[in-house]
Amino acid sequence: MKVARGWTQAILLAGALVFSAVSVSAGGQAKAAAMDVGGITSQPIGHYEFCKRYPGDCAIRSSNVKPVALTDATFGLIARVNQTVNRSVEPVSDNDLYGRQEWWAYPSEGGQRGDCEDFALQKRRVLMQRGISSANLLMTVVRKPDGEGHAVLTVRTDHGDYILDNLNDQVLAWEQTGYRFLKRQAENHSGRWNSIRGGSTSPLVGAVRSTTN
C-alpha cells in the first residue's frame with residue numbers, strides 16, 4: 001500500500017507549525033555512540049508477516065552504509081517527523097485494532113491508528129521519502145524497564161545512533177532511553193536483522209502511549 005502524498009505533506013506541514021517557535025539543532029545534542037551490533041539473527045514475526053504484504057519494503061539492499069551526516073537541518077527533520085507522527089497517529093493496541101497479538105502495519109491500514117511498530121514504520125517511510133537512506137533508518141526491538149517489548153526507529157548518524165519513539169517526542173541518543181536493545185534491521189538488507197550485543201530473547205512488541213502522558 002502506498003501512502004497518500006497528501007497525508008505525508010500534511011505530516012510535514014504540521015511538524016513545521018509545531019516547531020515554528022522551537023529551535024532544534026544537532027549542536028544541542030550530546031554525541032551518541034554507535035550500537036554494538038552482532039551477527040544475523042531471527043526476524044521478528046511481526047516484521048516477517050509485514051514483509052509478506054510489503055515485499056518491496058523488505059528487499060532493499062544498500063551498498064553504501066555510511067551513516068547520515070547529522071547537520072542541524074537533518075536533526076530538525078528527524079525531530080519534526082518524530083513529533084508529528086506521534087501526534088498524528090492515534091495509539092491503539094494490535095489486539096484492539098486487528099484482534100491479533102502482533103501485527104506490524106502502516107497506520108493507514110488502521111485508519112491512522114496503531115501501536116509502537118506502526119509509528120516507527122511510518123517515520124521510516126516519511127524519512128526515506130525525504131532522502132535519508134534505508135541503511136540509516138532501522139526498525140529496532142527493545143525491552144522497556146518494565147519488561148514489556150517495544151519497537152522504535154534507530155537513525156544512524158555520524159554522531160552515533162538516535163532513537164525515534166512513540167513514547168517520547170524528544171529524539172534521544174540510544175543510551176539515554178533506558179531501554180535494553182535486542183535487535184534491529186541490518187544496514188545492508190532491509191529484510192534481515194542483526195542482534196545487538198548485550199540484548200536477549202526478543203519479546204512481542206506493542207507499546208502504546210499512555211492516555212495520561
Each label sits 7 Å from Cα toward the beta-carbon; between Q112 and K66 the label points are separated, in nm, by 3.9
Put R100, R143, R61 in order of accessible area, largest first, probe 1.4 Å, and you get R61, R100, R143
When every protein chain stays in place and a 1.4 Å probe is rolled, Y106, Y98 sorted by accessible area with the largest first are Y98, Y106
Expressed in square angstrom to the nearest 10, the accessible area of I132 with a 1.4 Å probe stands at 10
SASA check, H159, accessible area w/ 1.4 Å probe, all protein chains in place, rounded to nearest 10 Å², comes out at 70
Per-residue accessible area, 1.4 Å probe, largest first, puts S133, S190 in the order S133, S190
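Assuming R0 = 30 Å, what is the FRET efficiency of A73 and Q101, from their Cβ-Cβ distance, to the nearest 0.05? Could the numbers behind the result be given before it?
Numbers: r = 40 Å, r/R0 = 1.33.
That pair, A73 with Q101, gives E of 0.15.
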Reported to the nearest 10 Å², F181 has, with a 1.4 Å probe, an accessible area equal to 10
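The values are calculated or read from the model by the stated rules, or taken from the named source; none is laboratory data. As the structure is a prediction and not an experimental result, all values here were calculated from the model. For neighbour counting, all protein chains shown are included, and Cβ atoms are generated from backbone atoms with ideal geometry for every residue, glycine included. When the accessible area is computed, the model is the full protein with side chains, heavy atoms only, and any ligands, DNA or RNA have been set aside. Shrake-Rupley method; radii C 1.70, N 1.55, O 1.52, S 1.80 Å.
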